[in-house]
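Reviewing the structure listed below.
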């Protein structure tokens with residue numbers, strides 16, 4: 001549904017014309033550096049990263065609010081970059097394609113002088129619908145987001161969560177196939193954030209919407225995303241479905257979703273991170289391992305939660321003996337369908353030191 005290929009965005013200092021084609025000056029800011037992204041139809045896809053990683057530039061390039069420096073953006077089979085043309089203003093074909101892409105902003109962007117209903121009607125006015133059609137559609141959308149009784153209120157009379165629901169209703173006015181969310185919950189308290197995330201998931205399922213959301217919060221990915229990507233310095237450094245990432249040894253996203261701590265108590269110990277998902281999450285696998293091989297197992301840390309409606313957990317355990325002594329027990333865990341990552345050991349040979357998963361701790365953008 002959404003595909004970017006080799007997407008770059010370079011910002012030049014004010015008044016700078018840049019260097020020769022294919023070259024970059026020291027003053028340039030490279031926000032996107034060859035981003036390849038693929039979002040499947042009907043999924044909720046989260047892009048996460050620290051401040052300055054390029055997340056907001058990416059989402060604004062997806063609907064051509066920002067013109068990419070190079071590369072292509074395809075949405076629902078249409079190459080938007082080909083429709084953009086050379087002029088500063090969007091042409092008719094690009095405006096028509098954009099009408100099928102809804103956008104939800106971090107700070108709501110509601111017009112204070114308009115009622116809630118009139119704010120939702122604004123894009124319908126631009127589309128040329130009659131007053132009767134606009135009113136009917138706006139009221140339907142407000143009912144959909146749970147604000148049918150607030151149609152005549154003004155933004156100043158609403159809570160932050162209610163304002164964001166109005167923003168979502170407005171984004172749905174053009175019957176979009178794609179909904180883009182730029183840090184839509186970062187200005188909200190935790191309870192309101194959860195309610196907005198539930199609404200986005202409900203809309204995804206009820207309307208068949210494809211949702212691309214930008215966030216710096218791991219809980220957002222954990223709550224609603226089917227797939228996710230980690231951005232750093234304008235590049236995507238890790239991506240996949242959440243279930244694939246959880247099963248990938250050494251995945252930084254998986255480690256950040258379910259951080260587990262604990263260090264080996266001695267050099268003659270093996271530390272293993274085990275990921276449980278699906279049926280394995282409710283089976284006593286660790287006790288089976290202890291009984292089968294008659295070994296004492298220490299649990300250094302554990303985390304359990306629900307991801308995209310499925311129970312998932314991670315546990316860091318310590319086995320007696322070095323890695324060479326535990327090849328068979330580790331193999332037993334893998335045979336049970338678990339994700340297994342031996343901390344500090346590569347696929348080739350043991351290595352000193354433990355792996356860490358530094359990730360998102362900073363604020364939005």
Of all the residues that make up the stretch 174-186, how many are under 26 Å from residue 124 (Cβ atoms) and either at pLDDT 95 or above or under 17 Å from the mean Cα position of the chain (by Cα) (or both)?
-> 8
Within the stretch 96-104, is even one residue out of contact with any helix residue (DSSP H, G or I) (no Cβ under 7 Å at 6 or more places or on another chain) and closer than 30 Å to residue 245 by Cβ?
-> yes
Given (1) free of Cβ contacts under 8 Å to residues at least 24 places away in the same chain; (2) surrounded by 15 or more Cβ atoms within 10 Å (Cβ to Cβ); (3) part of a loop (DSSP other than H, G, I, E, B), residue 108 misses just (1)
Give me a count of the residues in the stretch 281-309 that are closer than 21 Å to residue 326 by Cα, surrounded by 12 or more Cβ atoms within 10 Å (Cβ to Cβ) and touching a strand residue (DSSP E or B) at 6+ places or on another chain (Cβ under 8 Å).
-> 9
Please find, among 64, 83, the residue that is assigned by TED's automatic domain parsing to the domain that holds residue 212, within 26 Å of the chain's Cα centre (by Cα) and closer than 25 Å to residue 5 by Cβ.
-> 64
When residues of the stretch 247-280 are filtered for being buried (at least 18 other Cβ atoms within 10 Å of the Cβ) and either under 25 Å from residue 179 (Cβ atoms) or without any contact (Cβ under 8 Å) to a residue 12 or more places away in the chain (or both), how many remain?
-> 3
Does residue 337 satisfy being at pLDDT below 90, out of contact with any helix residue (DSSP H, G or I) (no Cβ under 8 Å at 6 or more places or on another chain) and not in a strand (DSSP E or B)?
-> no
Taking the stretch 173-215 and keeping residues touching a helix residue (DSSP H, G or I) at 6+ places or on another chain (Cβ under 8 Å), more than 22 Å from residue 227 (Cβ to Cβ) and assigned to a loop (DSSP other than H, G, I, E, B) leaves 173, 174, 187, 188, 189
Conditions (1) within 26 Å of residue 214 (Cα to Cα); (2) surrounded by 13 or more Cβ atoms within 10 Å (Cβ to Cβ); (3) touching a helix residue (DSSP H, G or I) at 6+ places or on another chain (Cβ under 7 Å); number of the one not met by residue 117 | (1)
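The values are calculated or read from the model by the stated rules, or taken from the named source; none is laboratory data. In this text, all values refer to a predicted model and were calculated from it rather than measured experimentally. No Cβ is skipped: glycine too gets one built from the backbone with ideal geometry, and neighbour counts run over all protein chains shown.
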